[in-house]
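Structure first, then comments.
The values are calculated or read from the model by the stated rules, or taken from the named source; none is laboratory data. What you are looking at is a predicted structure, and each value in this text was computed from that prediction instead of being measured. With ideal geometry, Cβ positions are generated from the backbone for all residues, glycine too; neighbour counts draw on all protein chains shown.
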Amino acid sequence: MNRVRLHALDSRPDGDEWIVGRMATGQFVALPEIGKQALDLLGQGLSAAEVGEHLREATGDDIDVPDFVEALLGLGFVAEVDGEQVPQPAPPKPTFARIRPRHVRWVLSPVVPVLIGLLIAAALLTRPPVPLGYRTLLWSPHGSAVIALGAGVGWTLLLLHECAHLVAARATGVAGRMRLGTRLQFLVMQTDISGIELAPRRHRLTAYLAGIATNLTVASVAALAAGATDGTARRILAAVTLLALLPLPFQLMVFMRTDLYFVLQDVTRCRDLYGDGVTYTKYAARRVFRRTTAVDPSRALPAHERRAVRAYSVVLVVGTALCLAFLATVTLPADITLLARAVTRLGPGHSTAQSLDATAVVVALGGVHVLWARTWWRGRRERRVSGGPSRP
């Protein structure tokens, strides 16, 4: 291996390290200063031997440049080796590919959060205020109308929430793609904006918080509109306001890598808060339940990351335990009961209406669980193939 040609790479300094990656694939890595120098020299067309010699003269240390190049190949950063193209899978197709960064760059303007803040403040001053009790959701005596509004507004808000992440990331040059995912027992829609780590901090935080800002914006507009109307229209708009606010407490569950988790990870300057938290939790569990001679994995982290990871591991354990306890004591018993009742009504001796109702329950409830299982398995398989971001 003599010379390599690298793909177009972006980078930014991050403390004593550099974040380097490809926007096209969303693959990134943290490199020490010496690694960034080696990458720059390879990008200038120097051979691996020439780069090693140059670094030896500059630092006095022998750097294993061929191994470094092998690592770059694994990351998909190398386009050619000695003039021969490196075969690589095509980058994943982005969602809404026709949206270009120039179309949505305005969302990164500092004026946007100011306008959203003013809108929220105006909504809080709405007179009469929108009631936020459960009765607000029961805006109609017809249950079907209540359910239809809840489903329609809920799915629309979910799509808008994820589109907001996508648009904010696209404005920075990150492709992004939307897909289904799982968070413990929850089936969720999520937006992969890998590569946003290369953007400036303000732009990263904008992308992370764009979904929450969208929910707050919709809630504020609906509340203002409700204050200007009365009767059925006001009740509907009040219900929309509450429906827009209901998903926000979920974001506090940072142990499930919600939007606020990524804000927390960025603010604490951690590379992989969840991954390192899981690793430390497993180590701590082995120490508690059986003797182990393994070294504390958090000791390899910088001091600020080590403190954050240890604190987060407590949140991770407590939050996960509470969620799984709720699943075992509430969600699963309710689902099993509904399915059991439905199955018993599918046989002979029941009216057509009962059979249709039972069929709808089996299809809807069973379909959700099958979709969750399929999505979970796909995510697990993809993580096995690609692996997580690694610290060099």
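Is it true that some residue in the stretch 90-113 is over 30 Å from Leu209 (Cα atoms), of a type in the set (D, E, K, R) and either at pLDDT below 90 or in the same structural domain as Gly176 (by TED's automatic domain parsing) (or both)?
no
Considering (1) more than 22 Å from the chain's Cα centre (by Cα); (2) on the phi > 0 side of the Ramachandran plot, say which one Ala328 fails and leave the rest.
Of (1) more than 22 Å from the chain's Cα centre (by Cα); (2) on the phi > 0 side of the Ramachandran plot, only one is false for Ala328: (2).
Being of a type in the set (Gly, Ala, Ser) and closer than 29 Å to Ala207 by Cβ is the filter here; which residues of the stretch 97-149 pass it?
Restricting attention to the stretch 97-149, the residues satisfying the condition of being of a type in the set (Gly, Ala, Ser) are 97, 109, 117, 121-123, 133, 140, 143-145, 148.
If the condition is that a residue be of a type in the set (Gly, Ala, Ser) and closer than 29 Å to Ala207 by Cβ, then Ala97, Ser109, Gly117, Ala121, Ala122, Ala123 are the ones that fit.
Considering only the stretch 187-200, state which residues are outside any strand (DSSP E or B) and touching an Asp or Glu at 6+ places or on another chain (Cβ under 7 Å). Break it down stepwise before answering.
Looking only at the stretch 187-200, we keep the residues that are outside any strand (DSSP E or B), and these are 193-200.
Within the stretch 187-200, Leu198 is the sole residue that qualifies.
Output the residue which, of all residues in the stretch 294-330 that are surrounded by 14 or more Cβ atoms within 10 Å (Cβ to Cβ) and polar (S, T, N, Q), is farthest from Lys282 (Cα to Cα).
Here the answer is Thr320.
Return the only residue of Thr337, Thr329, Thr293 being in a loop (DSSP other than H, G, I, E, B) and among the polar types (S, T, N, Q).
Thr293
What number of residues in the stretch 68-84 are free of Cβ contacts under 8 Å to residues at least 40 places away in the same chain and surrounded by 10 or more Cβ atoms within 10 Å (Cβ to Cβ)?
Total meeting the criteria: 4.
Could you list, in sequence order, the residues of the stretch 365-383 that are modelled with pLDDT under 80 and either outside any helix (DSSP H, G or I) or more than 19 Å from Met256 (Cβ to Cβ) (or both)?
Arg381
Among the candidates Ala38, Ala30, Ala8, Ala48, single out the residue that is closer than 25 Å to Gln85 by Cβ, touching a Pro at 6+ places or on another chain (Cβ under 8 Å) and of a type in the set (Gly, Ala, Ser). Give the derivation first.
Working: Ala38 fails: touching a Pro at 6+ places or on another chain (Cβ under 8 Å); Ala30 fails: closer than 25 Å to Gln85 by Cβ; Ala8 fails: touching a Pro at 6+ places or on another chain (Cβ under 8 Å).
Answer to the check: Ala48.
Checking the conditions here, which among Leu301, Leu260, Leu246 is under 28 Å from His203 (Cα atoms) and at pLDDT 95 or above?
Working: Leu301 fails: at pLDDT 95 or above; Leu246 fails: at pLDDT 95 or above.
Within the list Leu301, Leu260, Leu246, the selection yields Leu260.
What residue, of Asp40, Asp61, is in the same structural domain as Ile19 (by TED's automatic domain parsing), of a type outside the set (S, T, N, Q) and in a helix (DSSP H, G or I)? Steps first, please.
On the way: Asp61 fails: in a helix (DSSP H, G or I).
Only one candidate qualifies: Asp40.
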